[in-house]
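Taking it in order: structure first as structure tokens, then the write-up.
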Amino acid sequence: MKKFSIAAKKFLVPVAVSTALYAASAPLSLNANAQAAATIKAPIYGVTLDDVSNINAIVTSLTKLPYKPTVRVVFDPGTTAAQYYPALVKLHTVAYVMGEIMDSYYFPTDINTYTARTKELVNGLKGTVDVWEVANEINGEWLRANPNGTAAQVNSQEQAIGQMVAAAHNIVKAAGGKTAVTLYYNNDNKGNNCWEKSADNWRTWPTTFLSSTVLQNTDYALFSYYPYQDCPGLSPNWTSDFAALEAMFPNAKVGFGEIGTSSINAPVSVQNNLITTYYPMVNSFKDPKFIGGFFWWNYAEQMVPYTKSYFTTLKNTIAPLKVPQ
């Protein structure tokens, strides 16, 4: 995979939060009306929101799903926790919430930026987020300043990324929160891969660049999987792949942190097939640590309002599946 492929997935989605986004919302004091962070029931039926500007329609759609979903909110750079707070209070009344501190496409090159952002979000959104994704597609080459750099550059930059993850993880844990780490699935262990450099291999990246503290104490270890165009031609064996993930994160529950396609204009058959193939894994996959997740990327664009066809596909797919407990 070339670095622009997955980056395009992020780039094509407009940054939707502005300073005036919630101008019509009644001001809320910090933590007003917020509920306590909850333990997410499994299996997790997740969706991703990269845009919360249409919050009332989003909330309505979420209530139409068969089971209480988990919503992963992508926090855009250049925004404040206060801008998101009213929306997250509303979301948390109808869904569990996973906060994605910074999408991989926007990942910074310095630890101070990432640390400050993590502190602001964790402190400012207290009580509205149940788990914090401290590392999104963290082994993607597009996170590096030099994706095609020398071995020395790659190693140095990956070490810095690992240190940023550790810092964010420690901030969340110090606040009593739970953490998630998402790896970009780029190697099926059958000779097929889409990594730029071997250092990007999800099978080796965590134990090479993450601290033992992160490996031992991460609550959710997840895969981001984009098999259409972004990273095609792989043949996953999810039983062995999740076993490998569990070996690296021995105390974590496992699942998918993202599935989807780069473009909302990908063939309908492709997108429906991803939804109807992966969400039902909660019934068929027997790994006791597997919690599902999935977190369809384009929920805001494709499934709001709930009258859209992709929402119907998701709803009908989830309806006969396991009840979260």
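The values are calculated or read from the model by the stated rules, or taken from the named source; none is laboratory data. On a predicted model such as this, the values are computed, not experimentally measured, just so you know. Note that each Cβ is placed from the backbone with ideal geometry, even for glycine, and that neighbours are counted across all protein chains shown. Surface accessibility is based on the protein's heavy atoms, side chains included, excluding ligands, DNA and RNA. Shrake-Rupley method; radii C 1.70, N 1.55, O 1.52, S 1.80 Å.
Exactly one residue out of Pro236, Pro288 is touching an Asp or Glu at 6+ places or on another chain (Cβ under 8 Å), assigned to a loop (DSSP other than H, G, I, E, B) and either more than 22 Å from Val47 (Cβ to Cβ) or in contact (Cβ under 8 Å) with a residue 24 or more places away in the chain (or both): that is Pro236. Here Thr70 qualifies as out of contact with any helix residue (DSSP H, G or I) (no Cβ under 9 Å at 6 or more places or on another chain), open to solvent by less than 20 Å² (accessible area, probe 1.4 Å) and among the hydroxyl-bearing types (Ser, Thr, Tyr). A search for C-beta distances below 8 Å between a residue of region 50-75 that is farther than 23 Å from Phe256 by Cβ and in a loop (DSSP other than H, G, I, E, B) and any residue that is modelled with pLDDT under 95 and open to solvent by 10 Å² or more (accessible area, probe 1.4 Å), counting only pairs 6+ apart in sequence or on different chains, returns Ser53/Ala16; Ser53/Val17; Ser53/Leu21.
May I ask you to verify whether Glu133 is within 21 Å of Phe249 (Cβ to Cβ), part of a loop (DSSP other than H, G, I, E, B) and not β-branched (Val, Ile, Thr)?
On the way: within 21 Å of Phe249 (Cβ to Cβ): yes; part of a loop (DSSP other than H, G, I, E, B): no; not β-branched (Val, Ile, Thr): yes.
No.
When Val181 is tested against (1) closer than 30 Å to Ala37 by Cβ; (2) open to solvent by 70 Å² or more (accessible area, probe 1.4 Å), just one condition goes unmet, and that condition is (2). Of all residues assigned to region 125-132, at least one qualifies as being at pLDDT 95 or above and either surrounded by fewer than 19 Cβ atoms within 10 Å (Cβ to Cβ) or of a type in the set (S, T, N, Q) (or both).
A search for C-beta distances below 7 Å between a residue of region 161-177 that is open to solvent by 10 Å² or more (accessible area, probe 1.4 Å) and modelled with pLDDT of 95 or more and any residue that is outside any helix (DSSP H, G or I) and among the β-branched types (Val, Ile, Thr), counting only pairs 6+ apart in sequence or on different chains, returns Lys173/Thr179.
Could you check how many residues of region 42-75 are under 13 Å from the mean Cα position of the chain (by Cα) and charged (D, E, K, R)? Can you show your working first?
At the first step, the residues of region 42-75 found to be under 13 Å from the mean Cα position of the chain (by Cα) are 44-50, 70-75.
Of the ones still in play, those that are also charged (D, E, K, R) are 50, 72.
Looking only at that region, the number is 2.
Name every residue in region 276-302 that is more than 15 Å from Asp50 (Cβ to Cβ), touching a Ser or Thr at 6+ places or on another chain (Cβ under 6 Å) and either of a type in the set (D, E, K, R) or surrounded by 20 or more Cβ atoms within 10 Å (Cβ to Cβ) (or both), in order of residue number. Residue satisfying the conditions is Tyr279 alone.
If only residues of region 95-112 that are over 19 Å from the mean Cα position of the chain (by Cα) and of a type outside the set (S, T, N, Q) are counted, the one that is modelled with the highest pLDDT is Ile111. Filtering region 214-258 to residues that are more than 15 Å from Gly293 (Cβ to Cβ) and hydroxyl-bearing (Ser, Thr, Tyr) leaves Tyr228, Ser235, Thr239, Ser240.
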